[in-house]
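The values are calculated or read from the model by the stated rules, or taken from the named source; none is laboratory data. Not measured: the values here are computed from a predicted model. Backbone-built Cβ (ideal geometry, glycine too); neighbour counts: all protein chains shown. SASA here: full protein model, heavy atoms, side chains in, ligands and nucleic acids out. Shrake-Rupley method; radii C 1.70, N 1.55, O 1.52, S 1.80 Å.
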Amino acid sequence: MYIPFFEKHVPSDVIAAWVSVIIIGIVLATYVIKQNKWSVIWEYMRTTHHRKVGTLYMIFGFLFFLRAGVDALLIRSQLALPQNEFWLFQFQKYNEVFTTHGTMMIFFAATPMLLGLMNVAVPLQIGARDLAFPFLNAVGFWLFFAGGMLFNLAFFFDSAPAIGWTGYAPLSTSLFTPDVNSDYYVFGVQISGLGTIFTALNIIVTIFRHRAPGMKLMRMPLFTWASLITSFLILVAFTVLAIGLYLLMFDRMFDTKFFNGPDGDPIFWQHLFWIFGHPEVYILALPAFGLFSDIITTFSKKRIFGYPAMVISIGTIAFLAFTVWVHHMFTVGLGPLVNTVFALTTMAIAVPTGVKVFNWLFTMRGGVLRMTTPMLFSLGFIPSFVMGGVTGVMLSVSAADFQFHDSHFVVAHFHYVILASTILGIFAGIYYYFPKITGYQLNEKLGKWHFWLFLIGYHLTFFPMHITGMNGMPRRTFTYDVGEGLTATNFISTIGAFLMGIGVAVMFYNLFITIRKKERVGSDPWDGRTLEWTVASPAPEDSFQPMPIVKEMDPYWYAKQRGEDLETTDEKLASPISRDSIIPFIMANLLAVLSFGLMYGWIWLAVLAGAGVFMCFIIRAFRDEREQYYGKGEDGHESV
Amino acid sequence: MNQYEAALFNDKKFGFLIYLFVEAIMFLTLFATYLIFTPSSEGPHPSDVFETKSVILSSIFLLSSSGTLIMSERGLEGKQLKKLIPWLGVTLLFALVFLGLEISEFYTYVQEGYTLSTSSFLSSYYVLVGLHAAHVAFGCGWMIVLFIQLKRHIPHSLYIEKYKIFSYYWHFVDIVWIGILLVVYVRYIF
C-alpha cells in the first residue's frame, strides 16, 4: 500500500499549513467545547432549510475564497521582483499555486457563494417557504463541501494539481501527470459540480412553481430572474463539464484514448472544457448583475429602468454564452472562417451587456441615492466592469488575439470582468443580505474601508497587467528578467494585491465584531422594495404565513408608499416538506471517500464507500419525509 | 391523491424532467464523442467488432421491458396488485437478462482483444454503452426497492408518486438505448 505524504520530502509551506491547521483546529475545538456549541454544529449538519443551507454555502465559500486569496498573494509575491526566489514558489510549486488559485476561485469560492446568496434570497424574494426540494438542496451543498474538501486535501499531502484551472489535455492525462495530483482536480471538481447541478435544478423548480399568488414572471425581482436563467446555464454547462471530467477520469484511470495516443484529440478536451467554461463566466456574472440591479433600485429609491429590457438582455447574454466558446481557442488553428464566426458572436455580447449598463445608469438618474456599502460596491462595479468589457472586445478580434493570447493582458481582462462582477457582487450581496442571514447589520464604516481598499487594490493590481502583457509577459510563468522593462509594473501589481488582501481582512474583522456585538436589526433595515424585507431577520423557518398577494413589481415598496400592509391570503399553497436529515452529509462525504479510494488504488475502500452511497439511497427511500404527510385524506394537511 | 399531494407530485415530476434533461445532455455529449472517434484510424473497425446476434437479442429484451412496465402501470391506479407485481417482475427479469447479455457481449469483445484501451473508437464505445448499462443496473436496484415499498404499505398516493418517477426513468433509459442502436450499432452492422 502506498502511503502518500511520508514517502517524499515535505516542503516547508506544507508543514506550515499542517501546523496552522492543527493550531486552528485546537482553538476551534476548545471554543466549541467551552461554549457547548455541539448542538449548533449538529443542527447545521442535518439542516435542509434554505437559509441555513445558504449560510453554509457562504461560510465554506468564504473560507475557500480566503485560501484562494492567499494563493494569489503568493503568486504576486513571487512575481514582485525579477528573478525572485520567494520562499519556494518557483517551478512546479508555482504551477500548483496558480492552478489551485484558479480552480478554487471559480469552483469553490465564486460559484458556491453565489449559490448561497440564491439559496438565502430567491425563496424570500418570490414568497416561497423553502426551495422545492429541501433534501436535495442539502445534498447539493454537501456535495460542494465534499468536493472542495477533497480538492483542498491535495495540498496537505503535497499533491496539489499543477495543470491550470482548465486542466488542459494532454498535460492532465496520465502520460504527463501520472501522480495523483491531477486526480484531485478531476474528482474534486466532479463532485462539487454535481452538487451545483442539483441546486440549479432545485432553483428552477422553486421559481416556476412556488411563487406567491400574483407574482407573475414579469413581476419578479431581477436577482430571481438572473438566478433562474443562470440555473439553466448551469444545467447545460456543468453537465458538459461532468462528461469532460468523466472522459478524463477514464483516460487517467483506465488508459482509454480520448485525449492522447495516436487517435486521441487534446482539442476535444478544449472544446468540452470551453463549452462549459465560457457559460461559466456568465454563471458567475449574471447573478451578480441581478444583485446589482436590486441594490441599485433599492438605494436609488426608484423602480429599475427598462425592466423588460433587463430581462431580455439577461436571456440574450445566456443564449450568446453558448455561441462563443471558440474565442478561447483562436490560436489553436481552427481556421479563419471559424475564428471569424466566433469573433462576431463574441462581439455581439457587448450589446445586451451595454443595455444593462445604461439601464443601471438611468435607474440612478434622478433618484435619491444613498451611499451605503452595498451601493458603493455596485457603483464601483459599473466603470470597472466596463473597462473589462472593452478589453474583451479587443480580445474578440481574432487576428489581434494572436498577439494578446496567453499574455498578462488576458489575465488583466478576465480579472477585470470576473472580479468586478462576481466578487464585487458577492461583497455587495453579503452586506445587503447579512441582516436576512444573521439578523445583524455589518458595520458601515468598516464596510466603506473594505470597499475603498479593495477597489483601489483591484485597479492597482490588474491595470498594470495590461501593460505588462503588451510588453510581452506570458501568463503562467514564475519569473522574468531584469532588463525586460517589467519590474515596475509587476511591483505595482503586487502592492495592489496586498491592498485587496487588507480589504478582505477588514471585512473579516467586520464580520467578527458584528457577530460579537449581537445588535439586532428589524426586518427591513435598508428600506427595501421586495418581499424578502417583509419577513423577520434572520429569515424564520416558517416564513410567509399568511401568504402575501402580489399585485405589482416591488410590492412591499408601493405598499409602504401607500401606508398599508401587503394584502394576504389564507389560501394554503402546497409547500415543500422539509425534515432534518444526516443522510446528505454522509452521502456526499462517502463520495469523496470513494474518489480517494479510486485515486490511491485502494479498491476495497472505493467499493465500501460506493456500497455506502447506495445504502444511503435506499435508507432515504424508506425514510421519505413525504411518508408522514401523505394519505391523510383531503384536509389532513393543516399543519404542514 | 388529493390536491396538496398532486401539487407536490407536480413539483417532483417537473424536477425529475429537468434531471432527465441533464441526463440527455450527458448522453448527447457521449454520442458526439463516439461520432468523433469512430471509426478510428488505428485499431479494429466497428464492423469487425460488433456481433449482430447479441445486439438484437438485448434490444428485444430492453425495449419490450418498456411495454411490460406499461402493463404493470395499469394495475397502479386501482391498486390491482395482481396486475402490478407480476408485470413489474417481468420488467425486472428482462432488465437483468439485458444486463447479462451486455456483460457477455463486453466479455466476448475483451476476449477477442478489443479492450477499453485498444483504440479511441473502443474507448468511446465502452464509455457510452457502459454508462447506459450502469443506468439499467441502477434501474434494477430501483425496481427491487419498489417491491420492498409494496411490502411496507406506504400511503398509496406516495407509492404512485415513486412508481411513476421510476417509470419515467425507465422509459428514458429505453429511449437512450434506441439512440445507441441508431448511432452506435446500426450503421456498422447492417
Next on the checklist: Sorting check: for A:254-262, A:113-121, which peptide has the highest mean count of neighbouring beta carbons within 10 Å, and how do the rest follow?
Outcome noted: A:113-121, A:254-262
Checklist outcome for this item: Binned at 5 Å starting from 0, the alpha-carbon pair-distance distribution of the range A:69-195 in whole percents comes out as 2, 10, 17, 18, 15, 13, 9, 7, 4, 3, 1, 0
Checklist entry - Of B:T118, B:S54, B:L92, which is farthest along the charge dipole of chain B in the positive direction, counting Lys and Arg as +1 and Asp and Glu as -1 at C-beta? => result B:L92
Item to check | the range A:490-543 shape via C-alpha gyration tensor axes, a/c threshold 1.5 | outcome: prolate
Next on the checklist: Straight-line reach only, C-alpha to C-alpha below 16 angstrom: list the lysines that A:K301 could link to, leaving out same-chain residues fewer than 8 apart.
Outcome noted: A:K560
Checklist entry - Once amide H atoms are built 1.01 Å from N in the peptide plane, which residues 5 or more positions from A:S407, or in another chain, come under 5 Å H to H? => result A:R475
Next on the checklist: From Cα pairs below 8 angstrom and at least 6 apart in sequence, can you work out the relative contact order of chain A, rounded to a whole percent?
Outcome noted: 18 percent
Item to check | Kirkwood Rh in Å, taken over all unlike Cα pairs in the range A:34-136 | outcome: 16.0 Å
Checklist entry - How far apart, in nm, are the 7 Å Cα→Cβ label points at B:V110 and B:V97? => result 2.5 nm
Checklist entry - Counting only protein chains, not ligands or nucleic acids, how are A:M615, A:M507 ordered by accessible area (probe 1.4 Å), most first? => result A:M615, A:M507
Item to check | Dimensionless Rg over Rh [the range B:1-68; C-alpha; Kirkwood] | outcome: 1.22
Checklist outcome for this item: Dividing the surface of the Cα convex hull of the range A:249-293 by four yields a projected area in nm² of 3.7 nm²
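Using the beta-carbon distance between A:M253 and A:K445 and R0 = 60 Å, what value does 1/(1 + (r/R0)^6) give for FRET efficiency, to the nearest 0.05?
On the way: r = 54 Å, r/R0 = 0.90.
After rounding, the FRET efficiency stands at 0.65.
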Checklist entry - Using a 1.4 angstrom probe and counting only protein chains, how large is the accessible area of B:Y125 in Å², to 10? => result 0 Å²
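Among rounded, prolate and oblate, which fits the range A:57-97 when a ≥ b ≥ c are the square roots of the eigenvalues of its C-alpha gyration tensor, a/c under 1.5 means rounded, and a/b larger than b/c means prolate?
Since a/c reaches 1.5 and a/b is larger than b/c, the shape of the range A:57-97 is classed as prolate.
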Checklist entry - Where Rh is the Kirkwood radius over the Cα pairs of the range A:519-629, the temperature 20 °C and the viscosity 1.002 mPa s, what D in µm²/s does Stokes-Einstein return? => result 117 µm²/s
Checklist entry - Just from its helices, what would the mean residue ellipticity at 222 nm be for the protein assembly as shown, if runs of 4 or more DSSP H residues each count -39500 (n - 2.57) and the sum is divided by every residue, rounded to the nearest 500 deg cm²/dmol? => result -23500 deg cm²/dmol
Item to check | Most to least accessible of A:W269, A:W165 (protein chains only, probe 1.4 Å) | outcome: A:W165, A:W269
Checklist outcome for this item: In a Gaussian network model of chain B with springs linking alpha carbons closer than 10 Å, the residue among B:I70, B:I36, B:I175 that fluctuates most is B:I36
Checklist entry - What angle do you read, to the nearest 10 degrees and between 0 and 90, between the alpha-carbon axis of helix B:120-152 and the longest principal axis of chain B? => result 20 degrees
Item to check | Sparse-neighbourhood loop sites, trypsin sites (Lys or Arg not before Pro) in the range A:311-379 - DSSP loop, at most 15 other Cβ within 10 angstrom | outcome: A:R365, A:R370
Checklist entry - For B:D48, what accessible area in Å² do you get when you roll a 1.4 Å probe over the heavy atoms of the protein chains, rounding to the nearest 10? => result 90 Å²
Checklist entry - Once amide H atoms are built 1.01 Å from N in the peptide plane, which residues 5 or more positions from A:T568, or in another chain, come under 5 Å H to H? => result A:I549
Checklist entry - Roughly what would the spin-label model give for B:E51 and A:Q90, points 7 Å off Cα along C-beta, in nm? => result 6.1 nm
Checklist outcome for this item: Restricting to Cα pairs under 8 Å and 6 or more apart, the percent relative contact order of chain B works out to 31 percent
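Under the 0.36 nm per residue contour assumption, what length would be gained going from the current alpha-carbon distance of A:V482 and A:K216 to full extension?
In short, 89.5 nm is gained.
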Next on the checklist: Rg/Rh for the range A:168-262 to two decimals, with Rh computed the Kirkwood way over all alpha-carbon pairs.
Outcome noted: 1.21
Item to check | Accessible-area order (highest first, 1.4 angstrom probe) of the listed residues A:K551, A:K436 | outcome: A:K551, A:K436
Checklist outcome for this item: The pairs in A:K216/A:K302; A:K93/A:K257; A:K216/A:K518; A:K216/B:K12; A:K37/B:K13 lying past 32 Å Cα-Cα in this model are A:K216/A:K518; A:K37/B:K13
Checklist entry - Taking only Cα atoms, what is the 0 to 90° angle, nearest 10, from helix B:52-73's long axis to the longest principal axis of chain B? => result 10 degrees
Next on the checklist: Which of the three applies to the range A:383-429, rounded, prolate or oblate, going by the alpha-carbon gyration tensor with a ≥ b ≥ c and a/c under 1.5 meaning rounded?
Outcome noted: prolate
Checklist entry - Taking only the alpha carbons of the range A:429-479, what extent do you get along each of the three principal axes, in Å, biggest first? => result 50, 20, 15
Checklist entry - For chain A, what is the accessible area per residue in Å², given a 1.4 Å probe and the full set of protein chains? => result 38 Å²
Next on the checklist: Using the Kirkwood radius over C-alpha pairs as Rh, can you work out the diffusion coefficient of chain B via Stokes-Einstein at 25 °C, viscosity 0.890 mPa s, in µm² per second?
Outcome noted: 136 µm²/s
Item to check | ³J(HN,Hα) computed for each position of the range A:214-222 - Karplus, 6.51 cos²θ - 1.76 cosθ + 1.60, integer Hz, glycine/proline x | outcome: x, 7, 6, 4, 7, 10, 6, x, 5
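Residues of B:127-134, mean number of Cβ from any other protein chain within 10 Å of their own Cβ, rounded to a whole number? Working shown, then result.
Numbers: counts 8, 0, 0, 1, 2, 0, 0, 0.
For this peptide, the per-residue mean of nearby foreign Cβ atoms is 1.
For peptide B:113-121, compute the average count of partner chain beta-carbon atoms within 10 Å of each residue's beta-carbon. Intermediate results must be reported in sequence, preceding the final value.
Numbers: counts 0, 0, 3, 5, 7, 3, 6, 11, 2.
Mean shielding count: 4.
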Checklist entry - Relative contact order of the range A:560-615: what whole-number percent is it, with Cα pairs under 8 angstrom and at least 6 residues apart? => result 27 percent
Next on the checklist: Given the options A:T48, A:L136, B:I148, identify the residue whose Cα lies farthest towards the positive end of the charge dipole of the protein assembly as shown (+1 on Cβ of Lys, Arg; -1 on Cβ of Asp, Glu).
Outcome noted: A:T48
Checklist outcome for this item: One finds, for B:K83 and A:F508 with R0 = 51 angstrom and r their Cβ-Cβ distance, a FRET efficiency to the nearest 0.05 of 0.20
Next on the checklist: Quick check for you: which residues of the range A:120-141 have the amide N under 15 Å from the point 7 Å beyond the Cα of A:I619 toward its beta carbon?
Outcome noted: A:139
Checklist entry - How many partner chain Cβ atoms sit within 10 Å of a residue's Cβ in peptide B:40-52, on average, as a whole number? => result 1
Checklist entry - To the nearest 100 Å², how much accessible surface do chains B and A hide from each other in total, with a 1.4 Å probe? => result 4000 Å²
Checklist outcome for this item: Probe 1.4 Å, all chains present, heavy atoms only: A:Y307 accessible area in Å², nearest 10, is 20 Å²
Next on the checklist: Multiplying the sequence separation of A:R520 and A:L334 by 0.36 nm and subtracting their Cα-Cα distance, what value in nm do you get?
Outcome noted: 61.0 nm
Checklist outcome for this item: For the B:L150, A:Q561 Cβ pair and Förster radius 56 Å, calculated FRET efficiency rounded to 0.05 is 0.45
Item to check | Student exercise, the protein assembly as shown dipole from Lys, Arg, Asp, Glu Cβ charges, in Debye to nearest 20 | outcome: 2080 debye
Next on the checklist: Could you check the spin-label model distance between A:I582 and A:L369? Points 7 Å from the Cα along Cα→Cβ, value in nm.
Outcome noted: 5.4 nm
Checklist outcome for this item: Over its alpha-carbon atoms, the range B:92-140 yields an Rg and a Dmax in Å of 11.5, 34
Checklist entry - Could you give the alpha-carbon Rg of the protein assembly as shown over 2.2 N^0.38 Å, rounded to two decimals? => result 0.97
